[in-house]
Amino acid sequence: MGAAREVGRSAFQVNCDGVSFLLDYGVELGREPSYPMKVSPQEINAAIITHAHLDHSGNMPSLFSHGSTDVYATPPTFDLSRLLIEDMVRLEKEGLPYAQAEVSKMMLHAKEIGYKEKITRGNASFELRESGHVLGGASVIVESQGKKLFYTGDINPRGSRMLREADLDLGEIDMLITESTYSQTDQMDRRESERKFVEFAYEVLDRKGTLFVPAFSVERSQEIAVVLKNAGFKHKVIMDGMAIKVNEIMLRYPEYLRDAKVFADSVNHAVWVRGESERRKMLGEPAVIISPAGMLVGGSAVFYLQNLALDKRNGIALVSYQGEGTPGRKLLETGKVSIRGKELKAESEVRQFEFSGHADRTSLFEMMKKIQGNPKVLTIHGDNESCTKFAEEIHEKFGFDAHAPEAGEVVTV
Ligand SMILES: [Zn+2]
Ligand SMILES: [Zn+2]
């Protein structure tokens, strides 16, 4: 129903023997939000949120405008989704197909489940598996009539400093719905990215500048704090905005982390900024400032950009994906920033680093090697080329029947 040959608005309806499940129901946040094909709550028996990112969770409350259904996810996914969705409701106001009332109604129908906990409806069942992508993030197995479907959601088979690797102990499967985000690109080795990032941080601070790191509030901000702590970084690290609320949620779920102590030490080592006046004080002395939004769209990042971009001692480290049409992409491509309506050249040094929470090309193929059975494969959640090429390659290398579906397409197994 969405994320067909594009990243954003993920939604997959799985019909099995009179029972129907909705896997994800997201929004795509471009200049204007866009949505997956419409699903009514009467058509489905349960909905599942794989993880909190809005391209997977952001349209779920619209199921509660006229009716309701049970929504399943892990406890951290519900906490994080609610935080991100309510923030979007505040920012978008009239632009969304639902309001705060629907978000609250959704939370009344929230059913928390753990990994590998089987939920049965009629002749069909589903369970979540750890995906290594964000805290509480999951892939989904659906089983019915002796057939098994695996939907990766967003997956990181290798995990990260904070998260364990994805659980790919699946047995034989009959259908695979796989993300394709980086199927055509390899990321720089993670250790290498970390080394370069920390080096840049020292360079900037040694010349008495401040390093500003706009980062997604969920996962990336915390990952950067862990990377700095791990490298024994000597200077002050500041975290701001929604990242702090996410820290609080993450600290409540140590069992979902690879190493809860390292995580707690890292985020507690940072100074947490709360509110405008504290924020102003932070500009005085050299530090690393980690703050959402990752693509510089809104959030306290806008404040920091305005105050730090015009001094050449400062640095800006882009560590998140920069979507088309975003201020982050513009900064990267043109070196320009808009400050109070004026287009200005950024004087601070801008660099980009690769810290993806997704499988890259090599690890997607590593994952494919672990797939057992002879599944039909649908490649989704990637741009047109990433989806179509990936499907061709899966067919060539593994002999599976694979293609990149169009939105609304029905595939039977
Ligand atoms: Zn995601
Ligand atoms: Zn996604």
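The values are calculated or read from the model by the stated rules, or taken from the named source; none is laboratory data. All of these numbers come straight from a predicted model, not from anything done at the bench. Positions of Cβ are generated from backbone atoms using ideal geometry, with glycine treated the same way; all protein chains shown enter the neighbour counts. Remember, those area values only see protein heavy atoms, side chains included, never the ligands or the DNA or RNA. Shrake-Rupley method; radii C 1.70, N 1.55, O 1.52, S 1.80 Å.
So which pairs qualify, if the first residue must be in the stretch 208-225 and basic (K, R), the second must be assigned to a loop (DSSP other than H, G, I, E, B), the Cβ gap must be under 8 Å, and the two must be at least 6 apart or on different chains?
The qualifying pairs are K208/P286; K208/R313; R220/G294; R220/V319; R220/S320; R220/F355; R220/G357.
Need the failing condition index for V134 against (1) within 30 Å of P375 (Cβ to Cβ); (2) touching a strand residue (DSSP E or B) at 6+ places or on another chain (Cβ under 9 Å); (3) within 16 Å of ligand 2 (Cβ to nearest atom), just the number.
(2)
Among the listed residues S160, S125, identify the single one that is touching a Phe, Trp or Tyr at 6+ places or on another chain (Cβ under 9 Å) and among the hydroxyl-bearing types (S, T, Y).
Working: S125 fails: touching a Phe, Trp or Tyr at 6+ places or on another chain (Cβ under 9 Å).
Among S160, S125, only S160 is touching a Phe, Trp or Tyr at 6+ places or on another chain (Cβ under 9 Å) and among the hydroxyl-bearing types (S, T, Y).
Please verify whether the stretch 359-382 includes one or more residues that are of a type outside the set (V, I, T), closer than 21 Å to V213 by Cα and either in a loop (DSSP other than H, G, I, E, B) or in the same structural domain as V226 (by TED's automatic domain parsing) (or both). Break it down stepwise before answering.
First, pick out the residues of the stretch 359-382 that are of a type outside the set (V, I, T): 359-361, 363-370, 372-376, 378, 381-382.
Restricting the remaining residues to those that are closer than 21 Å to V213 by Cα gives none.
No: the stretch 359-382 contains no residue that is of a type outside the set (V, I, T), closer than 21 Å to V213 by Cα and either in a loop (DSSP other than H, G, I, E, B) or in the same structural domain as V226 (by TED's automatic domain parsing) (or both).
Which one of these does V246 not meet: (1) in contact with a Leu (Cβ under 9 Å, 6 or more places away or on another chain); (2) in a loop (DSSP other than H, G, I, E, B)?
So V246 meets the others, but not (2).
So, restricting to strands (runs of 3 or more DSSP E) that lie completely within the stretch 88-151, which ones have at least 2 residues that are open to solvent by 60 Å² or more (accessible area, probe 1.4 Å) and within 29 Å of T181 (Cβ to Cβ)?
Details: elements: 110-112, 119-121, 124-130, 138-144, 147-151.
Where strands (runs of 3 or more DSSP E) fall fully within the stretch 88-151 and carry at least 2 residues being open to solvent by 60 Å² or more (accessible area, probe 1.4 Å) and within 29 Å of T181 (Cβ to Cβ), they are 110-112.
Would you be able to say whether some residue in the stretch 331-353 is exposed (fewer than 15 other Cβ atoms within 10 Å of the Cβ), at positive phi, in a loop (DSSP other than H, G, I, E, B) and in contact (Cβ under 8 Å) with a residue 12 or more places away in the chain?
Yes, there is a match, as at least one residue in the stretch 331-353 is exposed (fewer than 15 other Cβ atoms within 10 Å of the Cβ), at positive phi, in a loop (DSSP other than H, G, I, E, B) and in contact (Cβ under 8 Å) with a residue 12 or more places away in the chain.
Determine which member of the set E343, E349, E324 is within 17 Å of the chain's Cα centre (by Cα) and of a type outside the set (S, T, N, Q). Give the steps one after another, and end with the answer.
Values: E343 fails: within 17 Å of the chain's Cα centre (by Cα); E349 fails: within 17 Å of the chain's Cα centre (by Cα).
Criteria check complete, one pass: E324.
When you scan the stretch 229-236, do you find a residue that is open to solvent by less than 10 Å² (accessible area, probe 1.4 Å) and among the polar types (S, T, N, Q), even just one? Can you show your working first?
Of the residues in the stretch 229-236, the ones open to solvent by less than 10 Å² (accessible area, probe 1.4 Å) are none.
There is no residue in the stretch 229-236 that is open to solvent by less than 10 Å² (accessible area, probe 1.4 Å) and among the polar types (S, T, N, Q).
For I155, work out the one condition from (1) in contact with a Lys or Arg (Cβ under 6 Å, 6 or more places away or on another chain); (2) in the same structural domain as R361 (by TED's automatic domain parsing); (3) open to solvent by less than 60 Å² (accessible area, probe 1.4 Å) it doesn't fulfil.
The failed condition is (1).
Could you identify the single residue in I48, I119, I85 that is out of contact with any helix residue (DSSP H, G or I) (no Cβ under 9 Å at 6 or more places or on another chain), within 16 Å of ligand 2 (Cβ to nearest atom) and touching a residue at least 12 places away in the same chain (Cβ under 8 Å)?
Numbers: I119 fails: within 16 Å of ligand 2 (Cβ to nearest atom); I85 fails: out of contact with any helix residue (DSSP H, G or I) (no Cβ under 9 Å at 6 or more places or on another chain).
Of I48, I119, I85, the one residue that is out of contact with any helix residue (DSSP H, G or I) (no Cβ under 9 Å at 6 or more places or on another chain), within 16 Å of ligand 2 (Cβ to nearest atom) and touching a residue at least 12 places away in the same chain (Cβ under 8 Å) is I48.
Can you tell me how many residues in the stretch 354-405 are under 21 Å from D189 (Cα atoms), open to solvent by 10 Å² or more (accessible area, probe 1.4 Å) and more than 16 Å from ligand 2 (Cβ to nearest atom)?
Number of matching residues: 6.
What do you reckon, is V103 closer than 22 Å to M295 by Cβ, more than 16 Å from ligand 1 (Cβ to nearest atom) and of a type in the set (A, V, I, L, M, F, W, C)? First the steps, then the outcome.
Working: closer than 22 Å to M295 by Cβ: no; more than 16 Å from ligand 1 (Cβ to nearest atom): yes; of a type in the set (A, V, I, L, M, F, W, C): yes.
Considered against the rule, which asks whether it is closer than 22 Å to M295 by Cβ, more than 16 Å from ligand 1 (Cβ to nearest atom) and of a type in the set (A, V, I, L, M, F, W, C), V103 comes out as no.
Conditions tested, residue by residue: (1) touching a residue at least 24 places away in the same chain (Cβ under 8 Å); (2) part of a loop (DSSP other than H, G, I, E, B); (3) within 16 Å of ligand 2 (Cβ to nearest atom).
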{"residue": "G153", "(1), (2), (3)": "yes, yes, yes"}
{"residue": "S160", "(1), (2), (3)": "yes, yes, yes"}
{"residue": "D167", "(1), (2), (3)": "yes, yes, no"}
{"residue": "E192", "(1), (2), (3)": "no, no, no"}
{"residue": "A201", "(1), (2), (3)": "yes, no, no"}
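Table: residues versus (1) open to solvent by less than 10 Å² (accessible area, probe 1.4 Å); (2) within 16 Å of ligand 1 (Cβ to nearest atom).
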{"site": "R9", "(1), (2)": "no, yes"}
{"site": "Y25", "(1), (2)": "yes, yes"}
{"site": "Y35", "(1), (2)": "no, no"}
{"site": "L83", "(1), (2)": "no, yes"}
{"site": "E86", "(1), (2)": "no, no"}
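Working only within the stretch 315-330, note down all residues that are in contact (Cβ under 8 Å) with a residue 40 or more places away in the chain and buried (at least 20 other Cβ atoms within 10 Å of the Cβ).
Within the stretch 315-330, the first condition is being in contact (Cβ under 8 Å) with a residue 40 or more places away in the chain, and the residues that meet it are 315-320, 323-325, 328.
The answer is G315, I316, A317, L318, V319, S320, G328.
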